[in-house]
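Enquirer: Structure incoming, see below.
Every read-out reported here was derived from the displayed coordinates using simple, explicitly stated rules and does not represent laboratory data. This one's a predicted model, so the numbers in the text were calculated from it and none came from an experiment. Neighbour counts are summed over all protein chains in view; Cβ atoms, including those assigned to glycine, are modelled from backbone coordinates with ideal geometry.
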Amino acid sequence: MYASSLATSSTATLALTIMYLMSNTQFILILILRFIIGLAHGVLFPATVALWSVWAVPQERSTLASIGFCGTHLGTSLTMLTGGLLCRYLSSGWMYLFFITSLLGFIWLTLWILLTADSPDRHPTISNHERGYITSFTGNTGKKRTMSLASIPWKNIVTSKPLNALMVTHIANLFGLFFFLTNLGKISNQLLRLPPQSTGYILSFGFFLTLLSSLLSGKTKHQNFNRKTSFFIRDFN
């Protein structure tokens, strides 16, 4: 699933560079390609959570998940910085930005196929000690668990107040994120008359702060988990 997503999004991003050869901007083509990229990227976060559920032991899961997800903010920060510089100093710098990110996607896809596995039991190079340590906490044996759609408690899921609260929070968070991601550069460049490289600096710095806060929050969750675990063990004894 993860590899298919990377291959699809990287190919669609590379296809966007053909606009450089067209005499006019093809809005429908851009819309279709961005739609494909959005569908492909949509599976990355749930796939990442599923992988951490079998690869990360509980006391390290929040920290490792934060490190993994902060890659999104790091990539956005570097892309904004690079994009501003390319658009400032190179003719049609936007085209190089699509090409570079697509190339990095294909490199990441190759490394992903060669170095990763669905579970510790399926990984060919990790030690037996590490494999046993992880599976002793996660309980994952590498076998796929079957579950029918009828057995899923859909009513409880739909009526769950915590789940609905998380959905509303996540939607609001993404709305704010993509609003600034897609409009702040335009506002800075067209309304405030800032040069492209300055806009790139501003956007890059903002997402770099998001990266730092993500890492710090994951570390805090890890420490709180260890503290609660020690209290539980002490009370149990």
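Enquirer: Determine the gain in length on full extension of the stretch K186-S92; use 0.36 nm per residue of separation and subtract their C-alpha separation, reporting nm with one decimal. Walk me through the numbers on the way to the answer.
Expert: Details: separation 94, 0.36 × 94 = 33.84 nm, distance 1.67 nm.
That pair, K186 and S92, stretches by 32.2 nm at full extension.
Enquirer: Moving on to the next point. With a 10 Å Cβ neighbour count serving as the proxy for reagent exposure, in which order, fewest first, do L51, L29 appear? Please list the in-between numbers first.
Expert: On the way: L51 18, L29 14.
Taking fewest neighbouring Cβ atoms as first place, the list is L29, L51.
Enquirer: At a 10 Å Cβ-Cβ cut-off, how would you order Y89, Y96, fewest neighbours first?
Expert: In order of increasing Cβ crowding within 10 Å: Y89, Y96.
Enquirer: Please arrange I202, I28 by how many other C-beta atoms lie within 10 Å of their C-beta, fewest to most.
Expert: I28, I202
Enquirer: Which values of log₁₀ I(q)/I(0), to two decimal places, follow from the Debye formula for the chain at q = 0.09, 0.11 Å⁻¹ with a uniform point scatterer at every Cα?
Expert: Treating every Cα as an identical point scatterer, log10 I(q)/I(0) equals -0.54, -0.78.
Enquirer: Between R61, R193, R34, find the one with the highest GNM mean-square fluctuation for the chain; connect C-alpha pairs within less than 10 Å.
Expert: R193
Enquirer: Once you've got the GNM for the chain with C-alpha springs shorter than 10 Å, pick whichever of N156, N189, N24 has the biggest mean-square fluctuation.
Expert: Largest GNM mean-square fluctuation: N156.
Enquirer: Shifting gears a bit: Assuming 0.36 nm per residue, please report the length gained on full extension of the stretch L209 to L78 beyond their Cα-Cα distance.
Expert: 45.9 nm is the gain from fully extending L209 to L78.
Enquirer: Compute a Gaussian network model of the chain, connecting alpha carbons closer than 10 Å, and tell me which residue from G38, G200, G105 fluctuates the most.
Expert: Between G38, G200, G105, it is G38 that shows the largest mean-square fluctuation.
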